[in-house]
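Here's the structure, in structure tokens; my notes come after.
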């Protein structure tokens, strides 16, 4: 079936994306396996999609004609278990859909910042989008558990504890909950698939760890004119495993998150401190009031060391309301507020190195004063504080193509500069791909070996990464 | 022999005369097949041709390239906890990483360290504690190499509730490939060891799975490694007299020994304790091992048995017991933790055992340092089985399965596991069950055969009863049981062939280069083997393996200077 490309175009299409040869919307693993086998035989490329609706990030399609494999109709939630806080879902399940299914079980999803309504939970986790809850992310794989995948060879494979003999229902009846993502045995298949941008296989279902809905949740802002004191606070909170959702934003980025119909972006932004740390305290089932009390007291004591104070609202906006908003997928892209478009740039670093990158980016953006751009900064600690996702947005007037072009060029130049300064482009979407792999030349031949093993005919998502 | 001589010359040119050796006294240290991890085969199992001790990654790479050039098999060893980590193939080259022992960096703000292969967990922990941090220490104890554990082994330890497991404690890693290339996995750059991921593919997963490659996919020379919070002060204080050394439990800590009547009750409590996230460490060990941990020596232990003076925590009636250590950062947090633990234990039908302060101090020290192997393995040969990593739902079944196994061995007059089963257990990341059943047997052929047989049976039981995926499978055993794990064995072989086409890195504990006839026929054989009739066949085969271990001889390849 031929289909238009529009529904699959990314936010920053290059114009060279090829129309689909056909669009397949499979319902189960057998259909995916059959399609891959047919495409292998015909050497026809496949481009995979799990999320629906316009993408906010990469240009999602190949410049070669390919069959589009759209997994967004695979929406089954096979199992939910409250005791182990885990669900087993298909790739078409979105955050909003899974949250609705989880709510009666006292659970909710671990979320990245403001996922779009059609965002696939599995795709988000496979893409290593940083989640807001730092404390619960022990390892890069989290919140992924075991999974089923069809490799580019056409072989169906079960990763982690799902590889045990038997069916999913038999496993579940025996008490297994697919909590082990690693393995089986000497290969960590799920880790290999993560970040692969669909170039090795198609994940057809996965177990995902869920967050327990807190009995009590209280959110706070801590504002400061410099970022360094907030970094100190953030680090100590991570060290003490205090706080659930936690991140730092500059006033521009935070205002976009806070703004709603009742107030305008600029009004909010102008009144905010230069930097804001957002943190939620979440109490579990046992003595929640006791827990919230001591955590709030400890948070205040940690902030006081930097002569700062947590507050529950800033400029009339309650931190609890922001928390609620973070739990809701919105069709409205908060960064596109006030009719502005934007380019983004993100990479991994460590939290104490972030000020150096921020200074570097600010200097570059300010030096291009002839093309006014709004710089936004979002710092998301990861892995219980071991490293952080640092994201910059360059906002500009949506109706100015010249500025858009300048923003794209600036973002690319900044990416190169940040990579040279030690930023890790763990998710090397175009146009950062070439640059990201240039810094890992010794690894590239082994990545290509890996591609050849799992996708010997190179049919899955050609052109992505270094393939 | 001339090849060896030539190779030795090449090695000496790389590392210096003193650090490339082939004398008998040196070589014998690297082929002793005894103690923990002994594998079927003679006591001096496989004499290496030479031992090389590089001091840097570049030297390791040069040594590996020399091995490839001369067509030699090689095996890297760091701290080498046990016999399975020493040389396995006669005439191989041992790359001893003992000179690469640096704790390169401790980064307190980012809770991580950068370490080399021979930095031991004990040293790292002592260094980390000075910065308010600690590290994960696996069951092997503080003498192990966290780098080897994180990159190449299973890597799971007692404080898992708060320090995870080493497979997931790995950050960036430096890898000398099987053919001697130096490759960085994860974040790149001299001072950038903060991430193991990307760019793109999580390549780390190709060289380290649920278990590591045990040296079959090259050599790891430096890693970024996660550290964890510690509020017990910059130095671990001591109480008591060696070997009954304790730790004066700090004011931010509490030690508890709650007990329940059944495994089901214990599992129910564990779910709630995990959800509350209040425990720094939780350990269940068999009462017999508690007794061994608390006794000064074997005579002391025997006397306590004879006189009936074992403490309650070391008696079989209290086997569904947790040793819990909580750690707080503030007085209010400590109070919350105490209230929560007491409430959960009471609400799930548990009670708290009275533990003498000197005993609590010994057990608490064990929880912090993981100093157990020397204590609990001192009276018998020990093996392990039922490495189960899954939901706590499986805990009662894991206990029952081990009870059946031990009872069968005891009936046959083989096992000497004290008590009904030998499970050690803890919650990894305050979420997931980890348990393994330590099987003890007499240190003779019969006992050793029994543990081998029980080990094989336990993996079969795990597969049959759907208890997750077995942790303790390596080498030829992967070909037997890996077939039923989505044919993971075939992928491992593909990876080995692709990255090490000459098969130079020792594959003994990864995957054989060719699938054996037995493993090809295993689907049929296993149907026979795990029947009443088959039990005898299995026992016979294991007796043969044990005989080789106790009576076999291995000649040293002679001639090298």
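Do we have residue A:437 as touching a helix residue (DSSP H, G or I) at 6+ places or on another chain (Cβ under 7 Å) and farther than 22 Å from residue A:230 by Cβ here? Considered against the rule, which asks whether it is touching a helix residue (DSSP H, G or I) at 6+ places or on another chain (Cβ under 7 Å) and farther than 22 Å from residue A:230 by Cβ, residue A:437 comes out as yes.
Do we find a residue being more than 20 Å from residue B:385 (Cα to Cα) and in contact (Cβ under 8 Å) with a residue 12 or more places away in the chain anywhere in the range B:465-487? Give the steps one after another, and end with the answer.
First, pick out the residues of the range B:465-487 that are more than 20 Å from residue B:385 (Cα to Cα): B:486-487.
This time we only want the ones that are in contact (Cβ under 8 Å) with a residue 12 or more places away in the chain, so: none.
Checking the range B:465-487: not a single residue is more than 20 Å from residue B:385 (Cα to Cα) and in contact (Cβ under 8 Å) with a residue 12 or more places away in the chain.
Give B:362, B:324 a once-over and let me know the one that is within 24 Å of the chain's Cα centre (by Cα) and more than 26 Å from residue B:398 (Cα to Cα). Step through it out loud before you land on a result.
Working: B:324 fails: more than 26 Å from residue B:398 (Cα to Cα).
After applying the criteria, what remains is B:362.
Taking the criterion of being in contact with a helix residue (DSSP H, G or I) (Cβ under 9 Å, 6 or more places away or on another chain) and assigned to a strand (DSSP E or B), the residues of the range A:387-411 that qualify are A:387, A:388, A:390, A:391, A:392, A:393, A:394, A:395, A:396, A:397. Tell me, yes or no, whether the range B:275-283 has at least one residue that is within 14 Å of another protein chain (Cβ to nearest Cβ), touching a residue at least 60 places away in the same chain (Cβ under 8 Å) and within 23 Å of the chain's Cα centre (by Cα). Checked the range B:275-283: at least one residue is within 14 Å of another protein chain (Cβ to nearest Cβ), touching a residue at least 60 places away in the same chain (Cβ under 8 Å) and within 23 Å of the chain's Cα centre (by Cα).
Looking only at strands (runs of 3 or more DSSP E) that lie completely in the range A:83-187, which have at least 2 residues being within 20 Å of the chain's Cα centre (by Cα) and either modelled with pLDDT under 95 or not assigned by TED's automatic domain parsing to the domain that holds residue A:281 (or both)?
On the way: elements: A:86-89, A:144-151, A:156-158.
Strands (runs of 3 or more DSSP E) meeting the threshold: A:86-89, A:144-151.
If you check B:347, B:383 for being out of contact with any helix residue (DSSP H, G or I) (no Cβ under 7 Å at 6 or more places or on another chain) and touching a residue at least 12 places away in the same chain (Cβ under 8 Å), only one passes: B:347. Against the test of being within 30 Å of residue B:390 (Cα to Cα) and more than 14 Å from chain A (Cβ to nearest Cβ), the options B:270, B:262, B:245 yield a single qualifying residue, B:262. Take the conditions buried (at least 18 other Cβ atoms within 10 Å of the Cβ), free of Cβ contacts under 8 Å to residues at least 40 places away in the same chain and not assigned by the TED database to the domain that holds residue B:34 and apply them to residue B:447. Does it pass? Taking the combined requirement at face value, the residue does not satisfy it.
The listed residues are A:306, A:289, and the only one of them that is surrounded by fewer than 19 Cβ atoms within 10 Å (Cβ to Cβ) and part of a helix (DSSP H, G or I) turns out to be A:289. Number of residues in the range B:105-164 that are on the phi > 0 side of the Ramachandran plot, within 13 Å of chain A (Cβ to nearest Cβ), touching a residue at least 60 places away in the same chain (Cβ under 8 Å) and under 11 Å from the mean Cα position of the chain (by Cα) equals 0. Within the range B:173-218, the set of residues being touching a helix residue (DSSP H, G or I) at 6+ places or on another chain (Cβ under 7 Å), within 7 Å of chain A (Cβ to nearest Cβ) and under 22 Å from residue B:107 (Cα atoms) comprises B:185, B:196.
For the range A:68-79, which residues satisfy the criterion of being in contact (Cβ under 8 Å) with a residue 40 or more places away in the chain and either surrounded by fewer than 21 Cβ atoms within 10 Å (Cβ to Cβ) or not assigned by TED's automatic domain parsing to the domain that holds residue A:147 (or both)? Please lay out each step first, then the result.
Here is the first cut: in the range A:68-79, the ones in contact (Cβ under 8 Å) with a residue 40 or more places away in the chain are A:68-74, A:76, A:78-79.
Selection gives A:72, A:73, A:76, A:78, A:79.
Conditions tested, residue by residue: (1) touching a helix residue (DSSP H, G or I) at 6+ places or on another chain (Cβ under 8 Å); (2) closer than 23 Å to residue B:139 by Cα; (3) in a loop (DSSP other than H, G, I, E, B).
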site: B:242; (1), (2), (3): no, yes, yes
site: B:268; (1), (2), (3): no, no, no
site: B:278; (1), (2), (3): yes, yes, yes
site: B:289; (1), (2), (3): yes, yes, no
site: B:299; (1), (2), (3): no, no, no
site: B:310; (1), (2), (3): yes, no, yes
site: B:335; (1), (2), (3): yes, no, no
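When the range A:344-354 is filtered for residues that are surrounded by 18 or more Cβ atoms within 10 Å (Cβ to Cβ) and either in the same structural domain as residue A:241 (by TED's automatic domain parsing) or not in a strand (DSSP E or B) (or both), the ones remaining, listed by number, are A:350, A:351, A:353, A:354. Listed by position, the strands (runs of 3 or more DSSP E) contained in the range A:197-268 that have at least 1 residues being within 14 Å of chain B (Cβ to nearest Cβ) and over 27 Å from residue B:334 (Cα atoms) are A:201-209.
Limited to the range A:44-60, what total is found for residues that are modelled with pLDDT under 95, out of contact with any helix residue (DSSP H, G or I) (no Cβ under 7 Å at 6 or more places or on another chain) and in a loop (DSSP other than H, G, I, E, B)? Matching residues across the range A:44-60 total 8. If the condition is being without any contact (Cβ under 8 Å) to a residue 60 or more places away in the chain, more than 10 Å from chain B (Cβ to nearest Cβ) and assigned to a helix (DSSP H, G or I), then the range A:412-437 contributes A:412, A:413, A:416, A:417, A:434.
Outside any strand (DSSP E or B) and buried (at least 20 other Cβ atoms within 10 Å of the Cβ): does that describe residue A:357?
Working: outside any strand (DSSP E or B): yes; buried (at least 20 other Cβ atoms within 10 Å of the Cβ): yes.
Spelling it out, residue A:357 is indeed outside any strand (DSSP E or B) and buried (at least 20 other Cβ atoms within 10 Å of the Cβ).
Kindly indicate whether any position in the range B:306-313 is in contact (Cβ under 8 Å) with a residue 60 or more places away in the chain and crowded, with 20+ Cβ neighbours inside 10 Å.
As a first pass, look at the range B:306-313 and keep what is in contact (Cβ under 8 Å) with a residue 60 or more places away in the chain: none.
For the range B:306-313, residues in contact (Cβ under 8 Å) with a residue 60 or more places away in the chain and crowded, with 20+ Cβ neighbours inside 10 Å: absent.
Give the range A:128-159 a look and list any residue that's at the interface with chain B (Cβ under 7 Å from one of its Cβ atoms) and touching a strand residue (DSSP E or B) at 6+ places or on another chain (Cβ under 7 Å), or say none. Walk me through how you get there before you give the answer.
Of the residues in the range A:128-159, the ones at the interface with chain B (Cβ under 7 Å from one of its Cβ atoms) are A:128, A:138-140, A:157-158.
Correct list: A:157, A:158.
Residues in the range A:167-189 that are in contact (Cβ under 8 Å) with a residue 12 or more places away in the chain and more than 7 Å from chain B (Cβ to nearest Cβ): 4 in all.
Residue-level check: of (1) within 19 Å of residue A:382 (Cα to Cα); (2) more than 20 Å from the chain's Cα centre (by Cα), residue A:247 misses just (2).
So that you can scan it fast, the table gives a plain yes or no per residue for (1) farther than 30 Å from residue A:29 by Cα; (2) surrounded by fewer than 19 Cβ atoms within 10 Å (Cβ to Cβ); (3) modelled with pLDDT of 95 or more; (4) in the same structural domain as residue A:131 (by TED's automatic domain parsing):
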site: A:206; (1), (2), (3), (4): no, no, yes, yes
site: A:223; (1), (2), (3), (4): yes, no, yes, no
site: A:227; (1), (2), (3), (4): yes, no, yes, no
site: A:238; (1), (2), (3), (4): yes, no, yes, no
site: A:245; (1), (2), (3), (4): yes, no, yes, no
site: A:256; (1), (2), (3), (4): yes, no, no, no
site: A:276; (1), (2), (3), (4): yes, no, yes, no
site: A:282; (1), (2), (3), (4): yes, no, yes, no
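Considering the range B:165-231, the qualifying strands (runs of 3 or more DSSP E), each wholly inside and each with 3 or more residues that are at pLDDT 95 or above and more than 21 Å from the chain's Cα centre (by Cα), run over B:170-176, B:182-185. Tallying residues that are outside any helix (DSSP H, G or I) and within 7 Å of chain B (Cβ to nearest Cβ) within the range A:438-455 yields 4.
The values are calculated or read from the model by the stated rules, or taken from the named source; none is laboratory data. Since we're looking at a predicted model, the values are computed, not measured. Glycine gets a Cβ as well: all are built from the backbone with ideal geometry, and neighbour counts include every protein chain shown.
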